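Report on the structure given below.
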Amino acid sequence: YMAQANERTLVIPQCETAGCLEHLEEILAVDGVAGIFIGPYDLSIALGIPGQFDHPDHIAAVERIRKACADAGKLCIMFCGSGEQAAGYFRQGFPNVAVGIDVLTLIAGTKAMVDTAKAGL
């Protein structure tokens with residue numbers, strides 16, 4: 001079991017700090033690191049531009065991470081808060097995205113079902 005579990009486990013650090021950006025290539029070179037997961041909210045805070053995802057510094061940082069992962073042959077996963085954001089990052093060349101937060105998606109789906117059910121009253 002352990003051999004199989006180790007073979008199927010991915011180590012994907014999150015890039016959410018200036019320190020990660022500074023040492024990005026070193027992190028990607030670590031044996032066993034499969035790629036980088038970008039946390040855009042925390043990254044924008046670390047860059048001193050909270051929530052400004054269209055700021056040139058944020059755009060440059062995100063693109064730098066995507067390119068470094070591609071150059072290293074590693075995964076690059078971008079967190080997106082919506083399907084629209086995910087579509088935009090796919091158009092920019094991101095090979096992988098994570099869309100939404102599971103709890104919020106569950107809540108939204110449950111509310112939609114309840115609203116549909118109540119409409120029948």
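Just one of the listed residues (76, 69) is touching a Lys or Arg at 6+ places or on another chain (Cβ under 9 Å), of a type outside the set (D, E, K, R) and either within 16 Å of residue 12 (Cα to Cα) or open to solvent by 60 Å² or more (accessible area, probe 1.4 Å) (or both), and it is 76.
Only residues that are touching a residue at least 40 places away in the same chain (Cβ under 8 Å) and touching a Pro at 6+ places or on another chain (Cβ under 9 Å): list them for the stretch 62-79, please.
Restricting attention to the stretch 62-79, the residues satisfying the condition of being touching a residue at least 40 places away in the same chain (Cβ under 8 Å) are 64-65, 68-69, 72, 74-79.
If the condition is that a residue be touching a residue at least 40 places away in the same chain (Cβ under 8 Å) and touching a Pro at 6+ places or on another chain (Cβ under 9 Å), then 69, 75, 76, 77, 78, 79 are the ones that fit.
Could you say whether any residue in the stretch 41-50 is over 16 Å from the mean Cα position of the chain (by Cα), within 30 Å of residue 109 (Cβ to Cβ) and either in a helix (DSSP H, G or I) or without any contact (Cβ under 8 Å) to a residue 40 or more places away in the chain (or both)? Yes, that holds for at least one residue. All conditions but one from (1) open to solvent by less than 20 Å² (accessible area, probe 1.4 Å); (2) touching a strand residue (DSSP E or B) at 6+ places or on another chain (Cβ under 6 Å) apply to residue 14; the one that does not is (1).
The set of residues in the stretch 19-28 being at pLDDT below 95 and surrounded by 13 or more Cβ atoms within 10 Å (Cβ to Cβ) consists of 20, 21.
Residue by residue, here is whether (1) more than 26 Å from residue 102 (Cβ to Cβ); (2) modelled with pLDDT of 95 or more; (3) out of contact with any His (no Cβ under 7 Å at 6 or more places or on another chain) holds:
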{"position": "55", "(1), (2), (3)": "yes, yes, yes"}
{"position": "65", "(1), (2), (3)": "no, yes, yes"}
{"position": "70", "(1), (2), (3)": "yes, yes, yes"}
{"position": "83", "(1), (2), (3)": "no, no, yes"}
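Scanning the stretch 91-106 turns up at least one residue that is touching a residue at least 12 places away in the same chain (Cβ under 8 Å), open to solvent by 40 Å² or more (accessible area, probe 1.4 Å) and in a strand (DSSP E or B).
The values are calculated or read from the model by the stated rules, or taken from the named source; none is laboratory data. Predicted, not measured: the structure shown is a model, and the values here were computed from it. Here the Cβ is made from the backbone with ideal geometry for all residues, glycine too, and neighbour counts use every protein chain on show. Quick note on the areas: whole protein, heavy atoms, side chains included, nothing else; ligands and nucleic acids left out. Shrake-Rupley method; radii C 1.70, N 1.55, O 1.52, S 1.80 Å.
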